[in-house]
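J.: Sharing a structure below in structure tokens format, with a few things to ask.
A short reminder: the numbers here are calculations on the coordinates, not readings from a lab. These figures come from a predicted structure and were not determined experimentally. Quick reminder, even Gly has a Cβ in these numbers, built from the backbone with ideal geometry, and neighbours come from all protein chains shown.
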Amino acid sequence: MKIIYSELQKFIPDLKVEPQKLRDDLTMIGHFTNYFEEIDGEIVFDLDIKVNRGDCLGYYGLARDLSVFYNLPFQNLSKPINSSSNYSLPIKVTTQNVKRVMSTKISNLNNSSSPIWLQTFLKCHGSNSINTLVDLTNYIMFLYGIPNHAFDTAKSGENLIWEMNSKFKEFISLDGSKLILDNKILMINNPNKALSLSFWGGESCAIDLTTTETIIELAIYNRTTVRQNSRQLKSVTEASIRLEKDLDSELIPTAFNHLTNLILENCGGQINSQIFDYYPNPVKISGIEFDSKLPSQVSGINIPQDFSIDVFNRLGCQINNNLITPPSLRKDITIEADLIEEVVRFHGYQKIPTNQALTFKEVGDITPPEIYLIESLKDKLIELGYDEVLTWPLVTSPVDKKTVIKTQNSINSEAIYLRQSLIPSLEQQLDQYTRFKLPEPQFFEIGKVFSKEGDNFIEKNALGIYHHNQSQLLTDLEKLNLKTQIINDNFAEIIIDNLPKPEKYIPNQQQNNAIELTSQIIALDANIILDTKEDPINLIEKYSQIIGSKNLWKLIVTDIYQDPKTNKYRYTFQASYFNLDDKTAKSIHLKTFDLI
Amino acid sequence: MNQNLENIKTQYLKKISNLKTDKELENLRIELFGRNGLFNDLFTKLKEIPVEKRREYGQELNVTKNELERLIAIQSQKVQKTEIKKMNNLRSNIYDLPKMGHLHPITQTERQLNEVFRKLGFSVYNSPEIVTDEFNFERLNVPQNHPARDMQDSIYIKEPEYLLRTQTSTIESYLLKAKSKDLPIRAAFPGSVFRNEKVNRSNHFVFHQYQAVVVDKNVTMKDLIGTMDLMFKTLYGPDVVVRYRCKYYPEVEPGVGPDMQCFSCHGQGCPLCKYAGWIEMGGSGMIHPKVLEAAGIDPQVWSGFAFGMGLDRWTMAQKNIKDIRTLMGGNLAYKPNEL
């Protein structure tokens, strides 16, 4: 979410900290702030507001949080409105999914393109300017986090009905998208027309520059219904993002008054109806018993009890001895642990020392024996020269259609079945190694294989193994006491769950360089002539150092030959290079073995 | 199918299966699909076919061409495998350094972390990968329709009940249930987790997380932060700078987010850290009272902490791997010996 510093300062006039510090402080108290930038002379922050803080999806809530943190006064920007009209709007609410709606009619408007300040505000928020009336509704949504809507009464009429859709088959949104409706959709309609979704206005009653009369409304709904509607219609809007959070119905009058005053100031006109306020079940907030010793106990550092009370006061809680009643804005505070978090975060996580880790304590080993088995098997296979690979647990095609488990919603068409065997994936791994001309592959994987028996899903641990030399594979399996059949060429697979398990096993630590191959391995031969016989291993080490490890995959001596005429020794090397093109590999090769 | 094309197909099917070297295959490929190859000629002559038959013939021609190309590719793979086998069989007098086996980089990191926690008395734990909604969400304080569910896009086996676990916190659910009468607990669990992500260079549907959990009496945030810091210093070295901030996760409260100062820009802001100067390293916090209660553990008596982090990006950075797909199959390889 974007936040303009100067708008924040309207709520906290004494807020003067440097943008860098504000960014860091916002992050430390739970609103991760990536960066700030300058847009049209405004400093704009980019924040990640977490799903439990619907109140901070607007400047109002965020400013309340910061005023507590910095202990600075908070200024309410909204002023009361008065309506002298006796006219009662013919609005109906027929669904319990509406928590609160406030609405009124404003007539004799003079709509126009937006003033510069409003256009800049919306630009900083990544929104396009439409016209003053529409832009003001968006401004209020960003300011208070409460979506709202303005209907052109010339198109919508006044008989607005909040209802679960039962009559309309389709809806055209403000951007012209055609959405197919059913009876689970919460809507605002008139008797003849679908006007608006709960989270998206409709084209049929859109405000334009000719609009002279409007009905504005601010509403909060059952958030689950909005969330389901948004998903069902595959439509996410700034409004749906907010309405599916727990918003504060008590804040509606403040935002409503602010919007109404702004419209009157910027578009002229008069309030031409009574204020409609549907609020069947006003918010009731329960007090939470709070033990003031707990912030210290939970954090592990001393937090004075007075500090907790001070924080609760600044948050706007009602305090009655040890009973704390949070403000209605803070829907995330419902239990004692929530109050503790408030105290600790405002006290400052950075005050908790970082150098006091737990020390050893014997609490009993609950490691499942199969973990020890897997770790010991891995170490034995490594000792035998096998490399460990990991392959995709989801695969393209089943081994056995009757027992395969299919995923319902995988978006990857190449990965819809849970693997029943490791072998097909290891075969793909071999194909890949073959493509890269990797010599002498020998590798293994230990992983889950899956199947279905009736309604039960079965998971088993399996070992899949490949060796380029089949007889060596059989020898190695014998060494590991693994009785299995070679399945396919040089592959073997065994379910390891029933093997004898070690009581305890401490695995070896290994740090090695795995390589991401980007091209084929290039093998090149070279002969060198020496006067005396030398240990080929010493020669391998010598030339390896000359070439360097960055692109040398392997270096071997393939032949040693003594010329009977000269008595000199010819050593034939094969050097394999990786992640190089042919030309560069050849160049390094010729230079190393002095073949130029 | 057109008889002439049928004959071509039959003739070349036999020819392809008899080819034994890459060079022979390449020659045949040029003969069939080169600039002056058979198929180029056939496509050129397409205009000579009567209009009413041209479309059908053109489609058959394409099918035949694709089929032969496919067969050549398959034969090429066979030939390469045979060549490698042959090469391996000719190795009786070859001098080489001893062959080494290698652990996968993810396993290496997991073992490194297991060792840190083993020394503190932690066990290693695991649980199924196909899980129920109850263990993946409900027991972790994420009821149906909670917006926190949007933080994870699940892969379902049988919606809404069965899914692939989306986080290692799910292992925590199983652990707490299994050991609720056997407290205190110290356990760590590496594991694969699944999200419904398109596979590309940066994202995968399966990745690896590491989680550690403590349930005991009088566990504090100081214990959590100190232990996490020990872990980060083990992984990244003693000079690593980590900050611990307030962060929301439904299964913990208070929640703690560890951020590591960006190793690329040292906090100045760069594309790697999205100009934040910090890199988010995972999530943690004191186990939420509702999570303990769901497991039958009295939060008035017992408390605990949990923290989790992803292993893939750290491992990629450590091994200079640029493509996440490399970690799961693909082109991850190891040098056969120490050079």
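J.: Would you please calculate the Kirkwood hydrodynamic radius of region B:244-314 over all C-alpha pairs and express it in Å, rounded to one decimal?
T.: Details: mean 1/r = 0.0741 Å⁻¹.
Here the Kirkwood hydrodynamic radius works out to 13.5 Å.
J.: Taking each residue of A:404-411 in turn, how many C-beta atoms of other protein chains fall within 10 Å of its C-beta, and what is the average? Provide the component values of the computation, followed by the final result.
T.: Details: counts 0, 5, 2, 10, 8, 8, 6, 7.
What the average comes to for A:404-411 is 6.
J.: Something else: When a footprinting reagent is the concern and you count Cβ atoms within 10 Å, what order do A:Ser249, A:Ser397 take, fewest first?
T.: Values: A:Ser249 19, A:Ser397 10.
Ranking A:Ser249, A:Ser397 by Cβ neighbours within 10 Å, fewest first, gives A:Ser397, A:Ser249.
J.: Can you give the angle from 0 to 90° between the axis of helix A:223-232 and the longest principal axis of chain A, with both taken from C-alpha atoms, to the nearest 10?
T.: For helix A:223-232, the angle is close to 60 degrees.
J.: Which whole-percent values make up P(r) of region A:20-151 when all C-alpha to C-alpha distances are grouped in 10 Å steps starting at zero?
T.: P(r) over region A:20-151, rounded to whole percents: 9, 31, 34, 19, 6, 0.
J.: Report, as a whole number in µm² per second, the diffusion coefficient that Stokes-Einstein gives for region B:3-89 at 10 °C and 1.306 mPa s using the Kirkwood radius over alpha carbon pairs.
T.: 112
J.: Can you put A:Met164, B:Met228 in order, fewest other beta carbons within 10 Å first?
T.: If I rank by nearby Cβ atoms, fewest first, I get A:Met164, B:Met228.
J.: While we're looking at this one, here's another question. Using the beta-carbon distance between A:Thr359 and B:Lys181 and R0 = 30 Å, what value does 1/(1 + (r/R0)^6) give for FRET efficiency, to the nearest 0.05?
T.: For R0 = 30 Å, the calculated efficiency reads 0.75.
J.: Continuing with the same structure: Could you line up B:Tyr156, B:Tyr248 from fewest to most neighbouring Cβ atoms inside 10 Å? Could the numbers behind the result be given before it?
T.: Numbers: B:Tyr156 16, B:Tyr248 23.
Lowest count first: B:Tyr156, B:Tyr248.
J.: Taking amide H positions as placed 1.01 Å from N in the peptide plane, with prolines and chain starts having none, which residues 5 or more places from A:Gln318, or on another chain, fall under 5 Å of its amide H?
T.: A:Thr325
J.: Starting from the alpha-carbon convex hull of region A:2-67, give the projected area averaged over all orientations, in nm².
T.: 4.0
J.: Taking a quarter of the surface of the convex hull around the Cα atoms of region B:105-327, what do you get in nm²?
T.: 11.9
J.: Now a separate question. Just need log10 I(q)/I(0) for the protein assembly as shown at q = 0.05, 0.09 Å⁻¹, Debye formula, equal scatterers on the alpha-carbon atoms, no solvent, rounded to two decimals.
T.: For the protein assembly as shown, the Cα-only Debye profile gives -0.41, -1.09.
J.: Based on DSSP H runs of at least 4 residues, each adding -39500 (n - 2.57), what is the mean residue ellipticity at 222 nm of chain A after dividing by all its residues, to the nearest 500 deg cm²/dmol?
T.: After summing the helix terms and dividing by the residues of chain A, the value is -9000 deg cm²/dmol.
J.: Could you give me the ³J(HN,Hα) list for region A:435-443, computed from phi with Karplus coefficients 6.51, -1.76, 1.60 and θ = phi - 60°, whole Hz, x at Gly and Pro?
T.: 4, 8, 6, 6, x, 6, x, 8, 8
J.: OK, next. Can you list which of the DSSP-assigned H helices in chain B have a Cα extent of 24 Å or more along the long axis and an average Kyte-Doolittle score of at least 0.5? If you can, show how the numbers build up before the last one.
T.: Working: long enough: B:51-89 (57 Å, -1.25).
Passing helices, by number: none.
J.: As an exercise, identify the trypsin sites (Lys or Arg not before Pro) in region A:138-170 lying in DSSP coil whose Cβ has no more than 11 other Cβ atoms within 10 Å.
T.: A:Lys169
J.: Here's something else I'd like to know. State to the nearest 20 debye the size of the charge dipole of the protein assembly as shown about its Cα centre, where the only charges are +1 on K and R beta carbons and -1 on D and E beta carbons.
T.: Dipole size: approximately 1680 debye.
J.: Pick out which of B:Glu253, B:Glu67, B:Glu159 has the largest mean-square fluctuation in a Gaussian network model of chain B, springs linking Cα atoms closer than 10 Å.
T.: Of B:Glu253, B:Glu67, B:Glu159, the most mobile in the Gaussian network model is B:Glu67.
J.: Continuing with the same structure: For region A:294-407, with equal point scatterers placed on the C-alpha atoms only and solvent neglected, what are the log10 I(q)/I(0) values from the Debye formula at q = 0.11, 0.14, 0.16 1/Å, to two decimals?
T.: Reported log10 I(q)/I(0), two decimals: -0.71, -0.77, -0.85.
J.: Here's another thing I want to ask about it. At 222 nm, what helix-only mean residue ellipticity would chain B give, in deg cm²/dmol to the nearest 500, using -39500 (n - 2.57) for each DSSP H run of four or more?
T.: Mean residue ellipticity, 222 nm, calculated: -12500 deg cm²/dmol.
J.: More than 13 Å apart: what percent of Cα pairs in region A:288-351 qualify?
T.: Of all Cα-Cα pairs in region A:288-351, 57 percent lie more than 13 Å apart.
J.: Further question on the same structure: Write out the GluC sites (Glu not before Pro) in region A:502-576 meeting two conditions: DSSP loop, and at most 15 other Cβ atoms within 10 Å of their Cβ.
T.: Counting only loop positions with at most 15 other Cβ atoms within 10 Å, the GluC sites (Glu not before Pro) in region A:502-576 are A:Glu503, A:Glu534.
J.: Only Cα pairs within less than 10 Å get springs; with that Gaussian network setup on chain B, which residue of B:Ser76, B:Ser192, B:Ser264 has the largest fluctuation?
T.: Largest GNM mean-square fluctuation: B:Ser76.
J.: Also, quick follow-up: Can you give the Rg to Rh ratio of region A:522-592, both from alpha-carbon atoms, with Rh computed by the Kirkwood formula?
T.: 1.01
J.: For the protein assembly as shown, with the dipole built from +1 on Lys and Arg beta-carbon atoms and -1 on Asp and Glu ones, taken about the Cα centre, which of A:Gly348, A:Gly126, B:Asn196 lies farthest toward the positive end?
T.: Going by the Cα projections, it comes out as B:Asn196.
J.: Taking every pair of alpha-carbon atoms in region A:369-495, what share in percent sits in each 10 Å bin, from 0 to the bin with the longest distance?
T.: Computed distribution, short to long bins: 12, 42, 33, 13, 1.
J.: Find the relative contact order for chain A and round it to a whole percent, using C-alpha pairs within less than 8 Å whose residues are 6+ positions apart.
T.: Numbers: 1033 pairs, mean separation 62.9, N = 596.
Taking the mean separation of contacting Cα pairs over the length of chain A, I get 11 percent.
J.: List the residues of region A:193-216 whose backbone N lies under 14 Å from a point placed 7 Å from the Cα of A:Ser83 along the Cα-to-Cβ direction.
T.: Within reach of a label on A:Ser83, which here means backbone N under 14 Å from a point 7 Å along Cα→Cβ, region A:193-216 contributes A:214-216.
J.: Using 1/(1 + (r/R0)^6) with R0 = 22 angstrom and r between the beta carbons of A:Leu323 and B:Glu293, what's the FRET efficiency to the nearest 0.05?
T.: 0.50
J.: Which of the listed residues, B:Gly58, B:His266, B:Val219, is farthest toward the dipole's positive end in chain B, when Lys, Arg count +1 and Asp, Glu count -1 at the beta-carbon?
T.: Farthest towards the positive end: B:Gly58.
J.: Past 26 Å, Cα to Cα, is the threshold; run B:Lys81/B:Lys335; A:Lys331/B:Lys179; B:Lys14/B:Lys81 against it and keep the listed order.
T.: Over 26 Å apart, Cα to Cα: A:Lys331/B:Lys179.
J.: Length gain on complete extension for the stretch A:Glu38 to A:Gln270, per 0.36 nm per residue less the alpha carbon to alpha carbon distance?
T.: Here the segment from A:Glu38 to A:Gln270 would lengthen by 79.8 nm.
J.: What order, most packed first, do the peptides A:418-430, B:193-205 have when packing is the mean number of other Cβ atoms within 10 Å of each residue?
T.: A:418-430, B:193-205
J.: Angle check, please: helix A:582-592 long axis (alpha carbons) against the longest principal axis of chain A (alpha carbons), in degrees 0 to 90, nearest 10.
T.: Relative to chain A, helix A:582-592 is tipped by roughly 50 degrees.
J.: If you keep only loop residues by DSSP, which trypsin sites (Lys or Arg not before Pro) in region A:548-594 have at most 15 other Cβ atoms within 10 Å of their Cβ?
T.: A:Lys550, A:Lys565, A:Lys568
J.: Given H placed 1.01 Å from N in the peptide plane, which residues other than close sequence neighbours of A:Val363 have an amide H under 5 Å from its amide H?
T.: The answer is none.
J.: Related question: Using only alpha carbons, build the gyration tensor for region B:188-238 and give me the equivalent ellipsoid semi-axes, biggest first, whole Å.
T.: Working through the eigenvalues yields semi-axes of 29, 16, 8 Å.
J.: Which lysines have a Cα lying under 20 Å from the Cα of A:Lys10, excluding residues fewer than 8 positions away in the same chain?
T.: Of all the lysines, those that pass the test against A:Lys10 - Cα under 20 Å, at least 8 places apart if same chain - are A:Lys2, A:Lys21, A:Lys79, A:Lys123.
J.: Between A:Gln20, A:Leu57, A:Val44, whose Cα lies farthest towards the positive end of the dipole of region A:2-67 when Lys and Arg beta carbons carry +1 and Asp and Glu beta carbons carry -1, centred on the Cα centre?
T.: A:Leu57
J.: Still on this structure: For B:Ala73 and A:Asn508, FRET efficiency with R0 = 45 Å and r from the beta-carbon atoms, rounded to 0.05?
T.: The value I calculate is 0.65.
J.: Provide the three semi-axes, in whole Å and in decreasing order, of the ellipsoid equivalent to region A:78-171 as defined by the square roots of 5 times the Cα gyration tensor eigenvalues.
T.: 26, 18, 15
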